[in-house]
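Participant: Dropping a structure here in structure tokens format, bear with me for questions.
The values are calculated or read from the model by the stated rules, or taken from the named source; none is laboratory data. Keep in mind the model is a prediction, meaning the values are calculated, not measured. Areas reflect the complete protein model, heavy atoms only, side chains present, ligands, DNA and RNA absent. Shrake-Rupley method; radii C 1.70, N 1.55, O 1.52, S 1.80 Å.
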Amino acid sequence: ITLRRLGGRKQVMTQAAQSQRSGERHVDHTLIKALARAHRWRGLLESGRYRTVRALAQAESINESYLCRTLRLTLLSPKLTEAILDGRQPPDLDLAKLLRSIPTKWEEQETLFSNPHRH
């Protein structure tokens, strides 16, 4: 039995349930919401509406560090982004893992997140 975060909630998973879930799609609304926020924030910065990350963080009433980590989600490969939106992301991929430092090269991201023993 293992505890696993799923959409911001903890779930108890047995080995049988994990192997059964491996082929299923699971839309992780926490990941999708974070992706949407990241792209919205990037748009606000690129449009010039906010000149700095600090100004945007203050306007959004959030921590500047969190905003910067979340903005990195805009650098995810299109393949990973599409997988997340379709609910086909690797079963152990969650927001906490994505908010850690991620490689900038798309091939490295896809390799890292497709191999559960590497992160």
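Participant: Is segment 56-119 best put as rounded, prolate or oblate by its Cα gyration tensor, with a ≥ b ≥ c the root eigenvalues, rounded for a/c under 1.5, and otherwise prolate when a/b is larger than b/c, oblate when not?
Facilitator: Details: a/c = 2.08, a/b = 1.93, b/c = 1.08.
The shape class here is prolate.
Participant: Still on this model: For segment 18-111, report the accessible area per residue in Å² (1.4 Å probe, heavy atoms, rounded to an integer).
Facilitator: Details: 5760 Å² over 94 residues.
Ligands and nucleic acids excluded, the result is 61 Å² per residue.
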